[in-house]
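**Q** If you scroll down you'll find the structure; I have some questions about it.
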Amino acid sequence: MKFIYFVVWLVFFVWLIYKLKFFRHADLKFKHLIFLFLVKIVASFLVYGVYTKFYNERINADIFKYYDDGIILYNSLSENPIHYLKMLTGIDANHPQLMKYYNQMSFWIKPYNFEIINENKTLIRLNAFISLFSFHNYFIHVLVFVFLSFVGLFAIFKVLSQYLQHYPFLLAFVIFLFPSTLFWSSAILKEALVFFSLGLSLYYFIDWYNYQNKFSALKFLFFLIILMISKMYIFLIVLPSLSYLFITRFIPKLNKLLFFVAFHIICILFFFYSEWILPYNFSEIVTIKQHHFIKMASEFNAGSQIFLPALEDNLLSFISLVPVAIVNSFFRPFIWEAHNILALVAAIENIILFVMFIFAIVFFRTTYSNPMFLFSISFILLLFMLIGISTPVLGALVRYKAPALPFLLFLLLLFTNIDKVLNKLKYVWKKLYS
């Protein structure tokens, strides 16, 4: 019965892909989209297999923690619907009567309280909502998350394909099927919701940017809020480039490159002195989180832990770690650090990215400052610096950088004269087999 119900929901999502105008694209037809969607579903079973094989205790497997806590929240519905609604909506969610549910959950209350938003609650609430129609079928929840991430990735594709029009299938391949993106976006994880909200917020922002569509501006703000409650640091990282694009849209005479650099320097300084304006000290939050992450990795004897100097809450300490952060984010794990299949795949990915980087240099073509070119540079560098500075575990590093990979691959393709590459490969092929 569970299998039949899964198939019914699968057919429903396929029908949505066929029916909704959002999924229309001049180059990717319905059959291509269904192929990509089914690949993601296969990947979701792979994620499930990996986690159930390598994690002996369910509570330590990330793909179950939000689902299990969501079921606890959902079960409150039969006991007291008002309690369910309070926890689901967040209205009066701190009432003492609700503590009996929170005490049963493992991840609703974090062991530290220095973060601005507890994104765990967003995922738990979403699973509690999905439980209204999933009948405790875990794979229905997986299917919903796969569909949400698919929507976000397709939105990213639609945006980026406007600026890389000649090779849509190559762009679709690197966005949807690059292993880390495919793997981490195909499970009940924050990354799926990040791709969903990031993709749609960018899609509607660019629609507003190009056509001044006010309704698109409202939808952009809505999905930006979803991104904020899904992963706060991703939200904060995209703000500088989006704010920059917003300003230059109304003041087109600005020197775009100089203003881009100056604006980001101002944003970085704001990061260190945010407590002057806001009730949050962002640099202190990152420093404490890094210390907590290092301590936790040591206590649990994380197999892929790497040495990371402890941060101090000052500008010089952060700057001193930037080179280490860039190396860790762009190049690690190295192939000799791959002690399991996931690490090996990530190491091979890094080699592919390095080869693509060499191709971009050898077959370089001039480009222009389109909105997503500037957004991609900002997003990649800020995200890679942040996670490289704060993440002492390679496994986590690979996962956290996944949202930037579509944009990194887009940039590499944008800078590469692909026609020259193909002609060169054809020439080499003929020489070898002539």
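Values quoted throughout were computed directly from the atomic coordinates according to the rules given, and no laboratory measurement underlies them. Here the structure is a predicted model, which means the values were calculated and not measured. Quick reminder, even Gly has a Cβ in these numbers, built from the backbone with ideal geometry, and neighbours come from all protein chains shown.
**Q** Expressed as a whole number of Å, what is the distance separating the alpha-carbon centroids of the stretch 254-315 and the stretch 179-222?
**A** Rounded to whole Å, the Cα centres lie 24 Å apart.
**Q** Please report the Cα spread of the stretch 291-356 along all three principal axes, rounded to whole Å, starting with the longest.
**A** Taking max minus min along each principal axis of the Cα atoms, the stretch 291-356 gives 36, 30, 13 Å.
**Q** Using the basic label-point model (7 angstrom from Cα toward the beta carbon), what is the Val327 to Ile418 distance in nanometres?
**A** It is 3.4 nm.
**Q** Once you have the Cα-Cα distance between Ile319 and Ile59, take 0.36 nm times their residue separation minus that, and quote the gain in nm to one decimal.
**A** Numbers: separation 260, 0.36 × 260 = 93.60 nm, distance 3.68 nm.
Net length gain for the segment: 89.9 nm.
**Q** Same structure again: List the residues, sorted by chain then number, that are 5 or more residues from Val393 or on another chain and whose placed amide H is less than 5 Å from its amide H.
**A** Ile306
**Q** For Cα extents along the principal axes in Å, several values are listed as (1) 92, 53, 43; (2) 72, 55, 51; (3) 72, 49, 38; flag the one computed from this structure.
**A** (2)
**Q** Taking the Cα atoms of the stretch 25-176, what is the range of coordinates along each of the three principal axes, in descending order and whole Å?
**A** Sorted from largest, the Cα extents of the stretch 25-176 read 59, 35, 33 Å.
**Q** OK, next. Return the distance in nm (one decimal) between the two label points of a simple spin-label model at Phe364 and Ile348, each offset 7 Å from Cα along Cα→Cβ.
**A** 3.1 nm
**Q** If you don't mind, another one. Give me the one-decimal nm value for the distance between modelled label points at Asn340 and Met232, 7 Å along each residue's Cα-to-Cβ direction.
**A** That separation, rounded to one decimal, is 2.9 nm.
**Q** Here is a further query. Arranged from highest to lowest average of other beta-carbon atoms within 10 Å per residue, in what order do the peptides 295-302, 28-35, 385-392 appear? Numbers along the way, then the final one.
**A** Details: 295-302: 12.5, 28-35: 14.6, 385-392: 22.5.
Averaged packing, sorted descending, gives the order 385-392, 28-35, 295-302.
**Q** Ranked highest first by average number of other Cβ atoms within 10 Å, how do 312-325, 164-177 line up?
**A** By packing density, highest mean first, the sequence is 164-177, 312-325.
**Q** With the contact rule set at Cα under 8 Å and sequence spacing of 6 or more, what percent relative contact order holds for the chain? Could the numbers behind the result be given before it?
**A** Values: 465 pairs, mean separation 63.1, N = 434.
Reported relative contact order: 15 percent.
**Q** With a cut-off of 16 Å, note down the residues of the stretch 217-255 whose backbone N falls inside the zone around a label point 7 Å from the Cα of Leu381 toward its beta carbon.
**A** Label zone hits: 237-245.
**Q** Among 124-130, 146-152, 236-242, what's the highest-first ranking by average C-beta atoms within 10 angstrom per residue? List each step's numbers first, then the result.
**A** On the way: 124-130: 22.0, 146-152: 24.3, 236-242: 20.1.
Put in order of decreasing packing, that is 146-152, 124-130, 236-242.
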